[in-house]
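**Q** One structure is given below, represented as structure tokens, and several questions about it will come after.
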Amino acid sequence: MALLLSDAFFPGLAPLRLRRRRDPFAGLFEELHSMNSRVSRKDDDYSVSFKTSEFAPEELEVNVVGDSIVVEGKHSSESENGSIERHFCQKMLIPSDVDPESIQSALDSNGNLSISAKIKRPAVEEGKRNIPIGIVANRQEQ
């Protein structure tokens, strides 16, 4: 059974029609997917890491803007055939239990950018102290 009238008259051309054109944005989405961040929480530490090996250290910037961390990378280069520009910007909300003043960033030799911060300890109310309640075994009266 032919799907199209042309398939009935020209059956050899049907497989040609099923070929798809190359997606020019396929590499872009793979690149964006590879830049996803990894978030971890261990004990009193909060950390986020990014793969930024395509950027030099001077092309990366980490800022705290309000209640968010903004990571930005900008790269541009020119050759005789044209120019190349790369730019990414990722913004993430700082969790409420993370101390914004303790945020630090570091870049390792493999091009991985890590951002770390300390998790705040619950504040103790002024003048209030919790007294644990002990359990005493019942004494039998004599």
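**Q** Since VAL65 meets every condition but one in (1) surrounded by 10 or more Cβ atoms within 10 Å (Cβ to Cβ); (2) at pLDDT 90 or above; (3) closer than 30 Å to ARG121 by Cβ, which condition does it not meet?
**A** In the conditions (1) surrounded by 10 or more Cβ atoms within 10 Å (Cβ to Cβ); (2) at pLDDT 90 or above; (3) closer than 30 Å to ARG121 by Cβ, VAL65 misses (1) alone.
**Q** Name the single residue, out of those in segment 68-123 being among the β-branched types (Val, Ile, Thr) and closer than 19 Å to ASP44 by Cα, that is surrounded by the fewest Cβ atoms within 10 Å (Cβ to Cβ).
**A** Out of the qualifying residues, it is ILE119.
**Q** Of all residues in segment 54-91, which are within 21 Å of SER109 (Cβ to Cβ), of a type outside the set (A, V, I, L, M) and not in a strand (DSSP E or B)?
**A** GLU54, PHE55, PRO57, GLU58, GLU59
**Q** What pairs can you find where one residue is in segment 43-72 and within 11 Å of GLN90 (Cβ to Cβ), the other is outside any strand (DSSP E or B) and among the small types (Gly, Ala, Ser), and their Cβ atoms are less than 9 Å apart, with a gap of 6+ or different chains?
**A** Partner pairs satisfying both residue conditions: VAL48/SER37; PHE50/SER37; THR52/GLY111; VAL71/SER37.
**Q** For segment 45-62, which positions are open to solvent by 60 Å² or more (accessible area, probe 1.4 Å) and either in contact with a Ser or Thr (Cβ under 7 Å, 6 or more places away or on another chain) or closer than 15 Å to ALA117 by Cα (or both)?
**A** Once the filter is applied, which keeps residues that are open to solvent by 60 Å² or more (accessible area, probe 1.4 Å) and either in contact with a Ser or Thr (Cβ under 7 Å, 6 or more places away or on another chain) or closer than 15 Å to ALA117 by Cα (or both), segment 45-62 yields ASP45, LYS51.
**Q** Still on this structure, I have one more. Determine the pairs where a residue that is without any contact (Cβ under 8 Å) to a residue 60 or more places away in the chain, located within segment 92-110, has a partner that is surrounded by 13 or more Cβ atoms within 10 Å (Cβ to Cβ) and aromatic (Phe, Trp, Tyr) with Cβ atoms under 6 Å apart, the partner being 6 or more residues away or on another chain.
**A** Filtered contacts from segment 92-110: VAL98/TYR46.
The values are calculated or read from the model by the stated rules, or taken from the named source; none is laboratory data. Every value quoted in this text rests on a predicted model; they were computed, and no experiment measured them. As a convention, Cβ positions derive from the backbone with ideal geometry for all residues, glycine included, and neighbour counts pool all protein chains shown. Just so you know, the surface numbers come from the protein's heavy atoms only, side chains and all, with ligands and any DNA or RNA stripped out. Shrake-Rupley method; radii C 1.70, N 1.55, O 1.52, S 1.80 Å.
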